[in-house]
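The values are calculated or read from the model by the stated rules, or taken from the named source; none is laboratory data. Not measured: the values here are computed from a predicted model. All Cβ positions, glycine included, derive from the backbone under ideal geometry; neighbour counts span all protein chains shown. Just the protein is used for accessible areas: all its heavy atoms, side chains included, with ligands, DNA and RNA removed. Shrake-Rupley method; radii C 1.70, N 1.55, O 1.52, S 1.80 Å.
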Amino acid sequence: MAGCKPIDKRGSLESRQAVWDAIRRMQSFTVPSLRDETLLKIDTVRDYVAGLEAAGYVRKTIESEGIGSPAQWELARDAGSEAPRVRRDGSPVIQGQGRENMWNAMRILRDFTARELAVAASMPTCRVKELTAEDYIKHLHRAGYLRKNGSRYLFLPGAYTGPLAPMIQRTKRVWDPNLKEIRWSSHVEASEASHDE
């Protein structure tokens, strides 16, 4: 889609994580205090807090009394270090869930085939196809997270960079949101291949 920025330029995951980290640290907060803590746009903070409230992660303790007197919230349900993936209405964000499941399953399995990974990453609300697992494995192997041994793959020691799953961008790059860096690009590989000829 023209005009659609790559994920590494958008920072939506990082924004959500920054707000969640601040909420867990502060326990009691206002939208302006979160904005000051995270340096994000106030609308970004407000929308995420609304979603967290609708999903029951935070609750309002003091209503706003107008300008200069913002509403106050407190953390009601701590879901751990990874930011809850919720929309403004509190419904869960499903997009990317299969990738997150595969990333977590790789750490647990350590040694797997595409079929084994697809089965381990599938849940009632999110089924991962074997072809999807094969594609994700292929890209993570190229990016250096996995080692291939026949039809099996080994999750390399030290490959876990954090809770956010590496993403395969439309431009065929592997973006690691934990490191905030591109770990592999098809353009770089093609360029290196042409130099070798």
Student exercise, the chain dipole from Lys, Arg, Asp, Glu Cβ charges, in Debye to nearest 20: 380
Glu116 accessible area, assembled protein chains, probe 1.4 Å, Å²: 80
Accessible-area composition of the stretch 45-134, carbon plus sulfur, in percent [1.4 Å probe]: 50
Mean-position separation - Cα centroids, the stretch 44-60 and the stretch 133-179, in angstrom: 32
Å² of accessible area per residue within the chain, as computed with a 1.4 Å probe and no ligands counted: 58
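Would you mind working out the magnitude of the charge dipole of the stretch 26-99 relative to its Cα centre, with +1 at each Lys and Arg C-beta and -1 at each Asp and Glu C-beta, to the nearest 20 Debye? Don't jump to the answer; show the numbers that get you there.
Details: 10 positive and 11 negative charges, 65 e Å.
In total the dipole reaches around 320 debye.
So what's Rg/Rh here for the chain, counting alpha carbon atoms and using the Kirkwood radius for Rh? Please list the in-between numbers first.
Values: Rg = 19.7 Å, Rh = 18.8 Å.
Rg/Rh: 1.05.
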Spatially near lysine pairs across the chain, Cα under 26 Å, sequence gap of 8 or more or different chains: 19
Net charge dipole size for the stretch 88-197 [Lys, Arg +1 and Asp, Glu -1 on Cβ; Debye, nearest 20]: 260
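In square nanometres and to one decimal, what's the mean projected area of the convex hull around the Cα atoms of the stretch 83-147? Present the calculation step by step, with values, prior to reporting the outcome.
Numbers: hull surface 19.6 nm².
Taking the Cα atoms of the stretch 83-147, their convex hull projects to 4.9 nm² on average.
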Label-point separation, Ser33 to Cys126 (7 Å along Cα→Cβ), nm: 3.2
Rounded to whole Hz, the Karplus (6.51, -1.76, 1.60) HN-Hα couplings of the stretch 104-120, x for glycine and proline: 5, 5, 4, 4, 6, 5, 6, 9, 7, 9, 4, 5, 4, 5, 4, 5, 5
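Based on alpha-carbon atoms only, what is the radius of gyration of the stretch 33-129 relative to the globular estimate 2.2 N^0.38 Å?
1.43
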Binned Cα-Cα distance frequencies in the stretch 36-91 - 5 Å width, integer %: 5, 18, 23, 30, 18, 5, 1
Placed amide H near Arg183: partners under 5 Å, 5+ positions off or other chain: Val174, Trp175, Asp176
